[in-house]
Every structure is written in structure tokens, then in C-alpha cells.
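Okay, so here's the structure we're looking at.
Rule-based calculations on the coordinates, nothing more; no lab input. Since this is a predicted model, take the numbers as computed values, not measurements. Quick reminder, even Gly has a Cβ in these numbers, built from the backbone with ideal geometry, and neighbours come from all protein chains shown.
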Amino acid sequence: VGKICRGVVRAGKAVAENTTRTCDSSTAEIVAAGAKPSPLDWFRDMVPHCLEYARSAKEQGHPIVGVMCEFTPRELIMAAGAVPVCLCGGSPKTIPSAEHDLPSNLCPIIKSTYGEHTCKTNPFLEMVDLIVAETTCDGKRKMYELLAQQRPMYVLELPHKADSIQSMIFWENELRRLRSELQERFGVEITNDLLHRCISVTNRERRLRRQLAQTMEADDPPLSGRQLASLRSCISGTAGDLRKYQEVLDWVREQPGGGYADRTRVLLTGAPLAHGAERVLEIIESSGGLVVCMENCTGVKAILEDVDEKADDPLMALAVKYFQVPCAVMTRNDRRLNTLRGLVRRYRPDCVVDLVWQACLNYDIESARIRELIEKELGLPFLKIETDYTSEDSARIAGWIEALFAVTRGKPRRR
Ligand code: SF4
Ligand code: SF4
């Protein structure tokens, strides 16, 4: 394991150095050519920016809190004066090390995240004062037990019955317990006023990201799906990111279409694409498709609704918003079907691709209901792709995508 980790550390450093070099030279070339650098450049360097922000916050005494799921309300963490940082792993390089403790037949997000822990390659994980871990799927829940042996952790218990009042009451109480934990641990008071202010910041961020996503509704969208996917940050609500989201939005609205009108419009649903694990999205777009909407947690799933800013009880407002995340760990997850109906109406895809990470029973089993909705009710071609973080099946996936696109060609487009 030590040897694997040393290799990962060396590879990670090389990637970081190369990334810096590539970004520097591309900016220099643009400036030399007299063109203004694009506002998208900021998000290309998202990780170094977030790292700088987290280090400086930590030096000033602000705790760093790791999160790994969209059910975890960032607002509570921010109101405790802490910095919420996403720790989800997107790299295949740490997986061999993780498989020393975890089964190989496990979701790559879980293995990659745990491998960052064993290899100590995620600088954010190395600086966390606390991890808030949620009880979503079995794999994550059991992985957290191993992680908690060496990292400070609070387990947030998520009930799984989507439309039950008892579950909602339990969830609200669970968020109150998380508030108490953060207050005690960090010696602060999380007042309603502070919560209201943090909710207003995250609502602004959600609104900006939603407006950016909505530019993809156009017949000829200004961005590729890959570009849109890069417009997100692993730290929530920083002033720098909010400014840049607004700049990108203003810039994007001035752009003519991106020349994508003839591409096959794809709605991508299913499991999230952690930073670095965008391979399926890239294969779709290099095969002549355009991902006009990602329904998953790294796309629009978590930003479709805001938190009620005017609620007298902001904690209850948080509980209501976060309990509604249409994730496959919930039963029954009818909300995902309703969300998809709305997204298909708005984004008018020619087909739907459902991404299932290897060994994710939740998304795998739910895929049958999604297929039925997409093919029978909405009349669109549907493809389920089950894969992991290796690139061994890339050619096979490209073949499936080509066959899917061939089916869409005979169908009239929705305008
Ligand atoms: S897919 Fe579900 S478990 Fe995974 S990050 Fe999203 S909400 Fe959390
Ligand atoms: S993709 Fe599935 S198995 Fe992987 S972390 Fe999310 S819910 Fe768990």
C-alpha cells in the first residue's frame, strides 16, 4: 500500500505541475494574441483557488469541515464559522490503495475517496477539523466506520422514506443535533440570524448556477456540457466564486450559440461525476453529442430549489429543502421521476443516458423505473451505462453511444 501511495503522490504532484504550466501558457498565449482571457479560466483552476481559500481560512482560525453528499446542509457549517469542503474522490489512482481495506466490487466514488485518505493525497482531507458523514448508501456508511478510526467524524443520520412525516421530523431533529455538535465542538453559537445570512449566500450561489444551466435550454447553447460541468467549486459560498459565477453568466449571455445546434442533445442522469471523473460526459460529447442537462448531484439536482429565506425557523427550512434531494437512496424516489419530467420539457433532449457507477445498487435498481419513464411515458431513446473510473471500457461505451445516436436520427426534434 505504501508503494502504491508513493506512486500516487508522485503522479499527483506531476499532474499539479503540468496543470499549472498548461494554464499559465494558455493564458499567456491568449493575452499575447490580444484576446481577453475567458472568465471560464477561473474555474479551470478551481482546486488551487479553493486550496488557497481553505489554507488562509484555517490560518485565521476557521475550522475546515469535509462533506461528501448533497444531503448535508452547508449553511449549518458556514454559520458555525467553518468552511464546508467537498471530499468526494474522482481519481482512479487512489483506488488500488483503497482496495487493501475495501472490496474491489464497490462504487468508485467510495473507493477513490477512501484511497485519498489512505494515500493522504487530498490536501483538503488532510486539513479537516471534522467530517460530516451522512448515512446514505451501505457502502459509504461502512466506509465511514473505517475513516472514523483516524479522522474526526460526525455521522448525520438520513432517514430513507421519502414521503413520511415521521422521517421528516426525525431529519429535522437530526439537523438540530448537528447544530449542537458544531456549536459545542467549535465553541460558537449558531443563531437564526447567522443561518438566515448563510442561506441567502447559498441561495445566491444556487440561483447563479441554475441560471448558467438554463443557458443550455437554447437550440444552440453557448457552452458544451463539459464546460458547464467545470463551473462549480468544491467550497460553497465563497465571495470569489460568487463574483466569478456572475461574470461567467454575463459573458455567456453575450455569446452567440456555440455551434452545437446539430449535435444530439443528451440528458445525463444517475450517479454524480466527482471532479476528475467526467469520462462518460466527455465520451458523449466527443461522439457528436451535447449534454444539455445533467440531472445528477454534480449537475442540477441540488440547485433546483432554494431554501426559504423568509422562514421564521431557518433550521426547519433547511430540513425541508435538503430532505427533498431526489437521490436513489430514498424510497420511493418518485421525486426523481418528477424532476426528470420537468427537465425533459425544458431541455428537450433527443435521448437520455443513465450513468450507474459499478456496484451502486441504488442507482442500478432504480434504472428500471427511469427506463420505463423515459421510453414509455416520454418516448425518448434511453441508455444505461454501468462503469467505474478505469478507461478500459471507453471504446465500448463510445460504441453504445453511437448506436443510441443512430436511433435518435430518425426521430423529429423537439423545439
Ligand atoms: S447521489 Fe445521493 S448519496 Fe450521492 S452525493 Fe448525491 S445525494 Fe448524496
Ligand atoms: S453512486 Fe451509489 S454507491 Fe456510490 S456513493 Fe452514490 S449512492 Fe453510494
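Here are the numbers for this structure:
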{"quantity": "Rough spin-label spacing in nm, given labels placed 7 Å along Cα→Cβ, for residue 250 and residue 189", "calculated": "4.0"}
{"quantity": "Normalised contact order of the chain, rounded percent, pairs of Cα under 8 Å and 6 or more residues apart", "calculated": "17"}
{"quantity": "Residue of 397, 165, 385 that the Gaussian network model of the chain assigns the largest fluctuation, springs spanning Cα pairs under 10 Å", "calculated": "165"}
{"quantity": "Extension gain from residue 372 to residue 166, taking 0.36 nm per residue of separation minus the Cα-Cα distance", "calculated": "71.2 nm"}
{"quantity": "Helical segments meeting 15 Å axial Cα length and Kyte-Doolittle -1.0 threshold in the chain (DSSP H)", "calculated": "2-32, 46-59, 108-119, 165-186, 239-254, 361-371, 394-409"}
{"quantity": "Packing rank of 271-281, 167-177, 362-372, 104-114, where each peptide gets the mean count of other beta carbons within 10 Å, highest leading", "calculated": "104-114, 271-281, 362-372, 167-177"}
{"quantity": "Cα centre as origin, Lys/Arg/Asp/Glu Cβ charges: the chain dipole, Debye", "calculated": "600"}
{"quantity": "Within segment 256-415: Cβ-based charge dipole about Cα centre, in debye rounded to nearest 20 (Lys, Arg +1; Asp, Glu -1)", "calculated": "820"}
{"quantity": "FRET efficiency, residue 219 to residue 150 (Cβ-Cβ, R0 51 Å, nearest 0.05)", "calculated": "0.45"}
{"quantity": "Dipole-positive endmost among 284, 272, 259 within segment 200-294 (Cβ charges, Cα centre)", "calculated": "272"}
{"quantity": "Which of 149, 191, 227, positive extreme of dipole for segment 102-259 (C-beta unit charges)", "calculated": "149"}
{"quantity": "Check: segment 208-271 dipole with +1 on Lys, Arg Cβ and -1 on Asp, Glu Cβ, in debye", "calculated": "300"}
